[in-house]
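Right, one structure below, let's go through it.
Just so you know, all these numbers are worked out from the coordinates, no wet-lab data involved. Keep in mind that this is a model prediction, so the values were computed, not measured. Cβ: placed from backbone, ideal geometry, glycine included. Neighbour counts: every protein chain shown.
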Amino acid sequence: MHTGMRQGPEIWLRGPVTTPEPGPPEPAHAHAAARHFSWVGTHGGAGVSTLAAVYGGHDSGRSWPGPGDPPSVLLVARTHAAGLDTVAGAVELFRRGQAPPGLDLDAVVLVADAPGRLPRPLAQRVRALESVIDVYRVPWVPSWRLGEPGRPPRETEDLARLTGAAR
């Protein structure tokens with residue numbers, strides 16, 4: 001169990017766009033399949049272990065990735081108010097350059113904290129996050145409560161492509 005972590009992981013906010021070299025087009029999944037990520041929870045119970053089991057990648061728990069772990073970070077939080085607070089704080093750490101050196105914030109992954117639609121105040125907070133970082137939403141998955149990870153939900157095709165889980 002990781003204790004005492006009060007700050008979230010470091011991230012980069014929507015960096016500069018680079019122009020690809022001319023050449024034959026590559027399939028969209030070509031780079032995602034080769035990329036490895038570290039899932040980092042911004043609070044306890046965010047769902048990091050389940051996401052790592054379903055999508056692959058390194059389960060960092062609530063700690064920053066270590067020297068041998070993938071430096072590409074996916075911050076994870078639940079969609080309740082406390083989860084959105086902690087992930088916003090972690091994004092801010094990356095924005096201010098206060099995350100550990102060498103880590104790259106790729107995206108935020110928000111896992112539903114309950115079935116159904118988000119209440120309006122929480123949905124507004126999600127939209128505010130989306131204005132500064134790529135956000136992937138994972139719906140409520142009843143089988144995950146029973147410890148049955150299975151395949152990625154179809155609503156998460158973009159996240160599955162990013163992580164290489166869509167094969």
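Here are the numbers:
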| item | result |
| --- | --- |
| Stretchable slack from Arg35 to Glu92, in nm (0.36 nm times residue separation minus alpha-carbon distance) | 18.1 nm |
| Overall form of the range 41-163 per C-alpha gyration tensor (a/c, 1.5; a/b vs b/c) | oblate |
| Calculated FRET efficiency for the pair Arg151/Asp85, C-beta based, R₀ 30 Å, to 0.05 | 0.45 |
| Protection-proxy order for peptides 55-61, 94-100, each taking the mean of Cβ atoms within 10 Å per residue, highest first | 55-61, 94-100 |
| Inter-label distance for Val126 and Ala114, nm, one decimal - labels placed 7 Å from Cα along Cα-to-Cβ | 1.4 |
| Amide H contacts of His58 (H built 1.01 Å from N, under 5 Å, at least 5 apart or other chain) | Phe37, Ser38, Trp39 |
